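A short write-up of the structure that comes next.
The values are calculated or read from the model by the stated rules, or taken from the named source; none is laboratory data. Keep in mind that this is a model prediction, so the values were computed, not measured. Reconstructed Cβ throughout: ideal geometry from the backbone, glycine too, with neighbour counts over all protein chains shown.
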Amino acid sequence: MKKYSFSILAAAAVSSVFASIQKPDSKDENFSLDSFRNPPAEFRPVPFWSWNEVMEPEEVKRQIREMKNAGWGGAFVHSRVGLVTEYLGPEWFRAVDATLEECQKQGMLVWLYDEDKWPSGFSGGSVPLASPDFRVKTLFCRNVSDPVPEGAEPLGVPADGMQVYSYTAPMGEGWFNGTSYVDMMSKEAMEAFRKDAYDSYYNRYSKYYGSLIVAEFTDEPCEKYPYRNQSLGGSVAYSKDFVETFKKRNSYDPVPHLYKLFSDVKGAEKFRLDYYRTIDAMFEDNFWKAIGQWCDERGIALTGHAMAETPMVYTQAWSGRIMPRYRHQGIPGIDHLCRRITEAASAKQCASVVNQYGKRRMLSELYGCTGGSLSFEDRKWIALEQICLGVNLLNPHLSLYSMSGCRKRDYPQNIFYQQEWWPLNRYLDDGLSRLCYALSVGKYDSDVLVLHPFESVQAAWCAKENEHMDVSKPSRKIGDEISKSTDAVMYALLNSQMSFDFGDEQLIEEDGFLKDDKIGISNSTYRVVVLPQMLTMRPSTFKLLKDFQSAGGKIFRTGGAVKMLDGQENRQLEEWTNNLEFVEPSKLAEKIDAVAASSVKIKESSAGDPSKVWIHARNLPDGTRMVLLINTSRQQKFEGKVLLRGGFTKAQKYDYNTGTIEDVYAEVAGNELEMPVALDVADGLLLRLGSGISPVKKPAVEKVFAQQELKNWSAEALDDNSLTLDYAVYSCDRVGEKGTGAIPVIEIQRYLNEWKYDGPLSLKYPFKVDGLEKGRRVLLVMEYPERCKIKVNGKEVEYDGLPAWRDFRWMPIDISKHIVQGDNAIELYYQNFKHGDPTIVKPAFDRYGTEIESIYLVGDFSVSAQATGEHPVQGAFKTFGLNAPKVEVLRRDSLALCPPRAISKDKGDVSLQGLPFYTGKLKYSASIRDLKVPHGARAIVEIGSLDCPVAEVVVNGRRAGILQSHPLRVDITDCMAGDITNIDIILYASLRNLLGPHHNKQGELAACGPTDFYSRFTHSPNLHEIKEKLDKWGRGEFLPKDWNDGYCVHSLGEIGDVRLKLVTRQ
């Protein structure tokens, strides 16, 4: 192992970092203004750094420097799809050595990850390979006359004509590197996993634990894996040690009762609760608790998240109850997928345990599956919602070490150095880091506890074959109704600016208490309890609630009476809950407010929807309170007056975008502060409330005393243009098989892999040239050019050392002199093509084989294209509350390289002006003469819209500001000088139009994964049928129903009117 010098000062500094990351309770820590203004590394985003190729130490170091410059505080070393270096092998650890060395040098932190891909537990395959006992196990039930599936063993005797079987998953699953998932409830299996995934790092780097290395991430470990041949239909989680563990916990033999898991017979609910509590306890004890304690003892935090945190039906199908497990994580975490904020339960469940057990930090893995056109405002919108719900450690998904091969399609967006906008990343993340620091100090302010009804879903769970999530339709209906009831309560409170926590019944049983007229869980107490729809309740919960009510506590119910106590009908419980005050969710906040006043209440609104304003309030140790208000809407700004309660007399705005602090106007009204608030779309306001007299005697009002629309803009593309070539004609020379025409290269790859073809392969990529002058610079950009012979129109070319373009594996070759008018072709000849087989255990390269991909033309040209008139947009944009983006579909046969053409702001979308695949910067320029700004006034440039990730405004050669989210305006006053003011608005494109997905029939996607780049037409197991279908595709006789033969591209360059305003603040 490589040794590093680690100075005493550096060690002390990073030790204090760890204390701030995992300190069990931060309510007594003073707020640091320095840490707010310039957040330390531990409060900055920590991306999933996708280790997905051949890991080279020097490249690792370079990428760490990129992260530092972009405002990040470290990275998760995350093995990912495409990894060729042996996972946990010698070369892997040489790359980890380089990570430690460079992070120490840059003042950054190292965050580990415990698996090769996900879900955690199989350690890249070593755990199931160690013993058949360690492979994942399930129970299922079949009619006694049905054949017994391979891998199944009968358990007990038949009941009602049905036999229960245990099932051990077979080896050979590609996702698990040719092995299987594992028994996460097995103590021995989890010890084997820990030795590989945790001890292997600790044994090498123990001196850095708790200092340079601060945490290890576990990703989506689950009780049952219902896909990829890991279970049979209608299964439930099981473990080889289950029966004996059940007997010890419950004092009876479960085997004669197992059929009740699959049949709605009398007494089933009681047994199901006993069954699932045992399974959940085994998972909690043998994985979560054991790994959490191991991390605690070595000075690091266990972080990460469970599989399928919501809705409850999905949670039960994959993971079982999850809230108690958060106790065992130093930094509990969640997963937030897609371009949306329509799901809050995951965050509230986790944050509740964070609050109740005095944990300082909460992680969110966010931005996965959001798609390539994700903007800075999208990211801010998602992050603000997560932070408002309790998150204060942002884990951006995903930063690709390399975009070669299949890696470029790994659940986009890719947030890293390959993007043109990457140098501007810190303008967003510096502000979010300030929020993460500000909302990590103090204690969450809440008096409301909502009982979590997860055990009601378990009691009703009747497993069923051939049903979604392996559960019967009646059970699923019950589970969905319970989830909807709980969500209705949650959103009624969130939308009314009411703080609350969820209460898990296991945690109430183990750590619940009564203190005066308050009910408590561990470190938190509450004055009000809300019961959503429930089927069953624990006896311990029932007793504590009755005692709470007797002591004067207030309990409301929003569902019907609870009829079951521990899964058995109980008249006393039913009568008691029936006598509780019933409140419709829409009236709940009003009822609660009369008993336990909220921290913030909207008094009136003059614009926007008050229900879109959410809050997070924290009481600081000095008696002040930090309050975050956010506008979750993407359509409407909010304006109104809010009441800030708690006896405060002064308010300050903590501007998280700039790090500045200023007094703001707020009028004292009794025990409240009344304050005008304006929140733009996807905007947030951070306030600190305290005592004293505010020097601000009236609200600041911006007055526009002059404005004009700026016209006569010139337009210029500042970077090379590009064209994606993703169709090719293939020829397998070893067997003389040839394609009939150009088809998508990714479909050729899939076919050759299924065929298991090895041998010579030719790929011919056609493209057209229309009027491009000879000698115009045209580069061919491709991955690993040394692996094939390359010809352009029959002329052989080679890579000759030009700098990489976009990605360090994307190599340019100058082909300018070989381009001809009309039809052209680039031919790649692979002498030794090797198919990829994901079921290969070792070497990792063989899982991917020779990857054939799109190639790119880059250079000094335009791309002519004809639009089809289609504007397809995925329905998810509407579902997620997003404005539909503007997209065009371009005819594939119309694309051609042509001479560079002038572009115009007035014509709008430049994807229709010769730049359909453009990835660089676009500059609009204008000049103003004799602009005089009166003393005390400010000059503001404001644009109407933004259809790219981010833009900057440059005035007289100086950056005046960044346009990243609403309001889309920049103060240019300080950059003005002389009689002429030159204004440049520079737009930064993303890789979306280069990489796609271009051909998905849904068009632009707000929920996007790797399979969205492919056609999903059924591949027959008969290779002849596959070949026949691909041949028809090549001849133009077949097109999959989910495939668009044209190219869907996102607009670029539409910014609406640009106005110059002269304003004063009065």
* Some residue of segment 380-403 being more than 30 Å from GLN1002 (Cβ to Cβ), out of contact with any Phe, Trp or Tyr (no Cβ under 7 Å at 6 or more places or on another chain) and among the polar types (S, T, N, Q) -> yes
* Structure fact -> Picking from ILE790, ILE826, ILE852, ILE819, the residue that is touching a residue at least 24 places away in the same chain (Cβ under 8 Å), touching a strand residue (DSSP E or B) at 6+ places or on another chain (Cβ under 8 Å), more than 23 Å from GLN749 (Cα to Cα) and not polar (S, T, N, Q) would be ILE819
* Do any residues in segment 309-322 that are over 17 Å from TYR238 (Cα atoms) have Cβ atoms under 9 Å from those of residues that are of a type in the set (Ser, Thr, Tyr) and part of a loop (DSSP other than H, G, I, E, B), where the two are at least six apart or on different chains, and which pairs are they? -> GLU309/SER319
* Structure fact -> The residue that is farthest from the chain's Cα centre (by Cα), considering only those in segment 747-756 that are surrounded by fewer than 20 Cβ atoms within 10 Å (Cβ to Cβ) and not basic (Lys, Arg), is TRP755
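Scan segment 351-388 for residues that are closer than 30 Å to GLN874 by Cα and not in a loop (DSSP other than H, G, I, E, B) and report the count. Don't jump to the end; show me each part of the working.
Here is the first cut: in segment 351-388, the residues closer than 30 Å to GLN874 by Cα are 363-388.
Next, only the ones that are not in a loop (DSSP other than H, G, I, E, B) stay: 363-368, 376-388.
Selection size over segment 351-388: 19.
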* Asked: Quick one: in segment 505-545, which of the residues that are touching a strand residue (DSSP E or B) at 6+ places or on another chain (Cβ under 8 Å) and of a type in the set (Asp, Glu) is surrounded by the most Cβ atoms within 10 Å (Cβ to Cβ)?
  -> GLU505
* Structure fact -> Flagged in segment 234-259 as in a loop (DSSP other than H, G, I, E, B) and either in contact (Cβ under 8 Å) with a residue 40 or more places away in the chain or within 16 Å of ASP285 (Cβ to Cβ) (or both), in numbering order, are GLY234, SER235, SER239, LYS240, ASP241
* Residue list for segment 345-365, filter: surrounded by fewer than 22 Cβ atoms within 10 Å (Cβ to Cβ) and aliphatic (A, V, I, L, M) -> ALA345
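Could you please find all residues in segment 97-132 being part of a helix (DSSP H, G or I) and acidic (Asp, Glu)? Working first, answer last.
Applying the first criterion (part of a helix (DSSP H, G or I)) to segment 97-132 yields 97-106, 123-130, 132.
Within segment 97-132, ASP97, GLU101, GLU102 meet the criteria.
Going by what's in this entry, would ARG426 be described as among the basic types (Lys, Arg), closer than 15 Å to MET67 by Cα and in a helix (DSSP H, G or I)? Before the answer, list the steps.
Details: among the basic types (Lys, Arg): yes; closer than 15 Å to MET67 by Cα: yes; in a helix (DSSP H, G or I): yes.
Taking the combined requirement at face value, the residue satisfies it.
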* **Criterion (farther than 30 Å from LYS612 by Cβ and in contact with a Pro (Cβ under 7 Å, 6 or more places away or on another chain)) met by exactly one of ASP511, ASP504, ASP516, ASP566** => ASP566
* Structure fact -> For segment 867-901, the count of residues that are among the polar types (S, T, N, Q), closer than 27 Å to ALA717 by Cα and either in contact with a Gly (Cβ under 8 Å, 6 or more places away or on another chain) or surrounded by 14 or more Cβ atoms within 10 Å (Cβ to Cβ) (or both) equals 2
* Unmet criterion (only one of (1) modelled with pLDDT of 95 or more; (2) polar (S, T, N, Q); (3) over 30 Å from GLN63 (Cα atoms)) for SER145 -> (1)
* Consider THR303 carefully, then state whether it is touching a residue at least 60 places away in the same chain (Cβ under 8 Å), surrounded by 19 or more Cβ atoms within 10 Å (Cβ to Cβ) and not in a helix (DSSP H, G or I). => yes
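When you check LYS703 against the structure, is it assigned to a loop (DSSP other than H, G, I, E, B) and more than 40 Å from the chain's Cα centre (by Cα), yes or no?
Details: assigned to a loop (DSSP other than H, G, I, E, B): no; more than 40 Å from the chain's Cα centre (by Cα): yes.
Considered against the rule, which asks whether it is assigned to a loop (DSSP other than H, G, I, E, B) and more than 40 Å from the chain's Cα centre (by Cα), LYS703 comes out as no.
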* Asked: Is at least one residue of segment 927-944 free of Cβ contacts under 8 Å to residues at least 40 places away in the same chain and within 30 Å of ASN1044 (Cα to Cα)?
  -> no
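Condition first: over 26 Å from LYS408 (Cα atoms), outside any loop (DSSP other than H, G, I, E, B), modelled with pLDDT of 95 or more and not β-branched (Val, Ile, Thr). Can you find one or more residues in segment 3-18 that meet it?
No, that holds for no residue.
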* Structure fact -> Every listed condition ((1) under 30 Å from ARG44 (Cβ atoms); (2) of a type outside the set (A, V, I, L, M, F, W, C); (3) surrounded by fewer than 24 Cβ atoms within 10 Å (Cβ to Cβ)) holds for GLU284 save (1)
